[in-house]
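Right, one structure below, let's go through it.
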Amino acid sequence: MEITNSLLVAMMFIVLLTIGISNIIMALAVTVDRRSALRFDIIHTSWLILLLLVYFRLFWQVLDILSIESWSFLGFLFVLIGPLLLLFATNIMVQDAGSGSASEPRRHYYDVAPQFFVFMAMLQVWVVGVDLLFADGLTVMSGINIAAGLLFLIMAFSPTQRVHSSGTVVAWVLFLVAMTLHGVGISG
């Protein structure tokens, strides 16, 4: 087996994604464990599930990484920014069982929302940057990512439950629309 730069980039990309996926699965497992102090909350759990789906979607992009023949070190670093941003956002959103808000996921959600959504907005900027540098430039999907980035900035700076409840629904709709467009081949 020939080891190429693309394979090395893909391996590091996958390692970062795997760490995040593991963190989310463990957080969801603790949430459903009735013996745990952590409790279910619809908004918090919705974001954990959406993060998991974003990881799976990003994992699927490994095929695109493998298709690039020549890599520079800066390109390698740029590609890893996305999984790192997602991992940071995940670690912010996942509750620490030892924290004071462990039995109150809604309180935890609002405590971490500003920082979490700034990381999520930065992730959307990264996705658009990847489209511009490695793909076909701005596409329909880029428009969805820009809309999501704006939504995340609104959610980062708004403390109101109405904005966060509505924003969670809008984020799910944007994700489902993006996946549907990708599924029917209208991702460009």
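The values are calculated or read from the model by the stated rules, or taken from the named source; none is laboratory data. In this text the structure is predicted, and so the values were computed from the model without any measurement. Don't worry about glycine lacking a Cβ; one is built from the backbone with ideal geometry, like all the others, and counts go over all protein chains shown.
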When residues of the stretch 121-144 are filtered for being modelled with pLDDT of 95 or more and not aliphatic (A, V, I, L, M), how many remain?
2
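Kindly evaluate Arg57 against the criterion of being modelled with pLDDT under 95 and under 22 Å from Arg107 (Cβ atoms). Even if it seems obvious, please write down each step before you answer.
Details: modelled with pLDDT under 95: yes; under 22 Å from Arg107 (Cβ atoms): no.
When the stated conditions are applied, Arg57 does not pass them.
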Counting only residues that are of a type in the set (Gly, Ala, Ser) and crowded, with 16+ Cβ neighbours inside 10 Å, which one in the stretch 5-57 is farthest from the chain's Cα centre (by Cα)?
Ser6
Give the residues of the stretch 102-132 that are among the basic types (Lys, Arg) and either touching a residue at least 40 places away in the same chain (Cβ under 8 Å) or buried (at least 17 other Cβ atoms within 10 Å of the Cβ) (or both), sorted by residue number.
Arg106
Test for Ala97: is it at pLDDT below 90 and not in a helix (DSSP H, G or I):
yes
Going through the stretch 62-92 in order, the residues found to be free of Cβ contacts under 8 Å to residues at least 24 places away in the same chain and outside any helix (DSSP H, G or I) are Ser72
